[in-house]
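The values are calculated or read from the model by the stated rules, or taken from the named source; none is laboratory data. Because the structure is predicted, anything quoted here is derived from the model rather than measured. Because the Cβ atoms are built from the backbone with ideal geometry, glycine has one as well, and the counts that use them run over all protein chains shown. What goes into the accessible areas is simple: the full protein's heavy atoms, side chains included, and nothing from ligands, DNA or RNA. Shrake-Rupley method; radii C 1.70, N 1.55, O 1.52, S 1.80 Å.
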Amino acid sequence: MNIQPKEVKKKKVCPVSSKCGGCQWINRSYDEQLQAKSTIFRKLMEPYCRPEHMIGMDTPTHYRNKVHAAFGEDRRHNAISGIYEQKSHRIVPVDSCLIENQKADEIIVSIRGLLKSFKIRPYDEDRGYGLLRHVLIRIGHVTGQIMVVLVLSSPIMPSKNNFIKALRKLHPEITTIVVNVNERDTSMILGEKEQVIYGKGYIEDELCGKTFRISPKSFYQVNPVQTEKLYAKAMEYAALTGQETVLDAYCGTGTIGMIASDHAAQVIGVELNRDAVRDAVNNAKRNQITNIQFYQNDAGKFLLEMAEQGKKLDVLFMDPPRSGSSEEFLNAVTRIKPKRIVYISCNPETLVRDLKYLVKKGYRAEKCVAVDMFPFTDSIEAVCLLGN
Ligand code: SAH
């Protein structure tokens, strides 16, 4: 779909965009956005590699399968739900959003509509009373499973069962409902305690033919359509033959490593976050993958140990956070010398910084491409293949 500049001028694409600030490029047509991202990426990569044609999204709207709404009250004590105004804790009422899953937005509006008859008051941050703080919805793109997380200020929810019944009547497509308790004065949405009040407490989704379990707190890419394209490109660059030992560094819940496992002899995943590693182990079992092992560790320390033990590595996938990789990690890479490195990056500036290091040590950037994972925002995701 293309939202042309003319249309943009005729009618505002989003009435709250200036307050929200989430979509920095809301006023550009999708073609313009892709062109601008391609230009930024090409300039950054200029010293190393000429990018392939950028992979855009066919329908660049309503792509977020994880949707959050903050709840509060207006001056007349009516329940409102929406987003926080930029750099503040004021709630801007929003019923539908250009980039959020539409079903998720509908469910949030329904929940707001039910509150009064169930005498559930939204939480008031300043005065510290009221119950419902946030609603988080996660949707399985392929499976259609839907999880609703009600974030409450206290573990006691009055007329819980009737509320579940009423919500399920409006939205029978909901497959699980979880109460999360956040009693603290914090900007974190989710608290520690959780109670499953309907269904299994998690949803499943499929990505590149594998099934992944998504719990309220699991990391899972928010744009599944583009994630499949990103991972397909990563697999193409890796050119696995079935003989290789592969490392998936910064593996999160193990998605990339598991997708690679069908085409490799052995896969190792390393990730710092304990919960993500637990999900990764479960996901591997769920998909009956036996040639993969996950380790909870700092990726740099882990790779250094591998280097010191003289371990061999054929292909390295690395998908670090926005801050990029560490010198310790990159240094260990140059000691182990994998034949190919597939670097997946959500921040091309740190990608280029890390490339500079690797190129100095004898690697060549052979191919690269940007994938638009976040239309209407200024974020750029990219994959780069390095060989030695
Ligand atoms: N590859 C995954 C997740 C990428 S997000 C996917 O595509 O779904 C980056 C991941 O790096 C996060 O899960 C984060 O917890 C992890 N991480 C951050 N710093 C790390 C470090 N020093 N060592 C290992 N993992 C780290």
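Of note:
- The order of the peptides 157-170, 139-152 by mean Cβ neighbours within 10 Å, most packed first, is 139-152, 157-170.
- The mean accessible area for residues of the range 66-208, using a 1.4 Å probe and ignoring ligands and nucleic acids, is 51 Å² per residue.
- Ligands, DNA and RNA left out, the accessible area of the range 1-131 computed with a 1.4 Å probe is 48% carbon and sulfur.
- From phi via Karplus (6.51, -1.76, 1.60), per-residue ³J(HN,Hα) for the range 187-203 in Hz, x at Gly/Pro: 8, 5, 6, 9, x, 6, 6, 9, 9, 7, 10, 7, x, 8, x, 8, 10
- Selection among PHE302, SER218, VAL151 by position relative to the dipole of the chain gives VAL151 as farthest towards the positive end (Cβ unit charges, Cα centre).
- Taking the DSSP bridge list for the chain and keeping only pairs wholly inside it, about 60 percent are antiparallel.
- Viscosity 1.002 mPa s, 20 °C: Kirkwood-radius Stokes-Einstein D of the range 1-128 over Cα pairs, µm²/s: 124 µm²/s
- Each Lys and Arg contributes +1 and each Asp and Glu -1, all at the Cβ; summed about the Cα centre of the range 194-331, the dipole is approximately 340 debye.
- Assigned charges on the beta-carbon of Lys, Arg, Asp, Glu; the chain dipole about Cα centre (debye): 660 debye
- The chain - Kirkwood radius from inverse mean 1/r over Cα pairs (Å): 22.5 Å
- Kirkwood Rh (inverse of mean 1/r, distinct Cα pairs), the range 66-208, angstrom: 15.4 Å
- The range 165-197 versus the range 273-316: alpha-carbon centroid distance in Å: 32 Å
- Counting every pair of alpha carbons in the range 279-342, the share spaced more than 16 Å apart comes to 53 percent.
- Dipole magnitude of the range 66-208 about its Cα centre (Cβ charges: Lys, Arg +1; Asp, Glu -1), debye to nearest 20: 560 debye
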